[in-house]
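The values are calculated or read from the model by the stated rules, or taken from the named source; none is laboratory data. What you see is a predicted model, and the numbers here were worked out from it, not measured in a lab. For neighbour counting, all protein chains shown are included, and Cβ atoms are generated from backbone atoms with ideal geometry for every residue, glycine included.
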Amino acid sequence: NWLLEVKDLACGYGDTTVVSDINFALGEGDIGCLLGPSGCGKSTILRAVAGFLPLQHGQIHLAGHPISVPGKAVPPEKRRIGMVFQDYALFPHLTVAENVAFGLRHMDREERQLKVTQLLELVHLQDLADQHPHALSGGQQQRVALARALAPEPTLILLDEPFSNLDADLRRRLSLDVRDILKTLGMSAILVTHDQQEAFAMCDQVAVLQDGHIQQWDVPYNLYHEP
Ligand code: ADP
Ligand code: ADP
């Protein structure tokens, strides 16, 4: 029983095909990775999963439902997919707590406050709730972005080069912290990165991409022990 299934996917921009023959499946609670050099098509696959890019071929299923086939797609806001980007993309005029609360406006006030408090504890930012993003370090801002993405209780989290703006040491620590947070919640995720160490440390399964094709989709151990 897969949480996410990508079958024979092809997509690109206009008439150009950028990725094709993309097949992989993610189990519930698993962290998958799209690993490869810049320009190989990682973000393009992520955009297709998020619903921002139409399919040229194939299909995508989430939690057993078809969410994308050529010519027909569930719109991004209905997919229950959370996203975290390289540049954090926080709202600068809102506090940390307000950023996290942003997707929870439908909740009543007390319920929302409790939820925000729990999320800030989860990412260890409870003391910075009333700060604005510019007062935070890059790593802290990325924790806020993660809490905000988790707030609406998505089925899947997409992480697009989330640590690329951070220095090597912080990157390593934060990637392990994020793995712990996702595992604590049993949250499924896909990480996009060009950093092999990061991919292997953080992910249960890794797709190695080259020129728009998946070379391999396997557990890190097997990728390490290739002849
Ligand atoms: P990666 O995420 O692995 O760096 P991308 O998926 O961003 O790779 O890009 C794959 C290819 O698609 C590149 O050749 C890139 O130039 C092209 N591409 C990406 N975005 C667009 C776009 N909006 N319009 C046209 N081509 C694009
Ligand atoms: P309002 O008070 O009208 O709800 P605010 O802009 O003051 O709007 O805050 C938006 C939401 O952000 C609040 O309802 C609350 O859920 C959350 N929030 C703000 N500050 C905190 C905080 N320090 N701790 C927890 N949640 C907070």
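Filter the stretch 1-29 down to the residues that are farther than 14 Å from Ile190 by Cα and among the charged types (D, E, K, R), then identify the one that is surrounded by the most Cβ atoms within 10 Å (Cβ to Cβ).
Of everything passing the filter in the stretch 1-29, Lys7 is surrounded by the most Cβ atoms within 10 Å (Cβ to Cβ).
For the stretch 77-97, what are the residues that are surrounded by fewer than 16 Cβ atoms within 10 Å (Cβ to Cβ) and in a helix (DSSP H, G or I)?
Answer for the stretch 77-97, where residues must be surrounded by fewer than 16 Cβ atoms within 10 Å (Cβ to Cβ) and in a helix (DSSP H, G or I): Glu77, Lys78.
Mind checking which residues of the stretch 112-128 are loosely packed, with under 15 Cβ neighbours inside 10 Å and outside any helix (DSSP H, G or I)?
His124
Scan Gly64, Gly27, Gly51 and give me the residue that is within 16 Å of ligand 1 (Cβ to nearest atom), of a type outside the set (S, T, N, Q) and more than 19 Å from Ala151 (Cα to Cα).
Being within 16 Å of ligand 1 (Cβ to nearest atom), of a type outside the set (S, T, N, Q) and more than 19 Å from Ala151 (Cα to Cα) holds for just one of Gly64, Gly27, Gly51, which is Gly51.
Just for the stretch 38-76: of the residues that are touching a strand residue (DSSP E or B) at 6+ places or on another chain (Cβ under 9 Å) and under 29 Å from Ser137 (Cβ atoms), which one is surrounded by the most Cβ atoms within 10 Å (Cβ to Cβ)?
Among those residues, the one meeting the criterion is Lys42.
Go through the residues of the stretch 141-157 one by one and say whether even a single one is under 14 Å from the mean Cα position of the chain (by Cα), at pLDDT 95 or above, in a loop (DSSP other than H, G, I, E, B) and β-branched (Val, Ile, Thr).
Yes, that holds for at least one residue.
Given the criterion more than 10 Å from ligand 2 (Cβ to nearest atom), out of contact with any Phe, Trp or Tyr (no Cβ under 9 Å at 6 or more places or on another chain), of a type in the set (Val, Ile, Thr) and touching a residue at least 12 places away in the same chain (Cβ under 8 Å), identify the matching residue among Val116, Val69.
Among Val116, Val69, only Val69 is more than 10 Å from ligand 2 (Cβ to nearest atom), out of contact with any Phe, Trp or Tyr (no Cβ under 9 Å at 6 or more places or on another chain), of a type in the set (Val, Ile, Thr) and touching a residue at least 12 places away in the same chain (Cβ under 8 Å).
Give all pairs with beta carbons closer than 9 Å in which a residue from the stretch 26-37 that is more than 19 Å from Lys183 (Cβ to Cβ) meets a residue that is of a type in the set (Gly, Ala, Ser); count only pairs at least 6 apart in sequence or on separate chains.
Leu34/Gly41; Leu34/Ser43; Leu34/Ala199; Leu34/Ala207; Leu35/Ala199; Leu35/Ala207; Gly36/Ala207
Out of Ser43, Ser20, Ser38, I need the residue that is of a type in the set (Gly, Ala, Ser), part of a strand (DSSP E or B) and either over 14 Å from the mean Cα position of the chain (by Cα) or within 13 Å of ligand 1 (Cβ to nearest atom) (or both). Which one?
Just a single option satisfies the conditions, and that option is Ser20.
Since Phe163 meets every condition but one in (1) more than 13 Å from the chain's Cα centre (by Cα); (2) within 28 Å of Leu120 (Cα to Cα), which condition does it not meet?
Every condition holds for Phe163 apart from (1).
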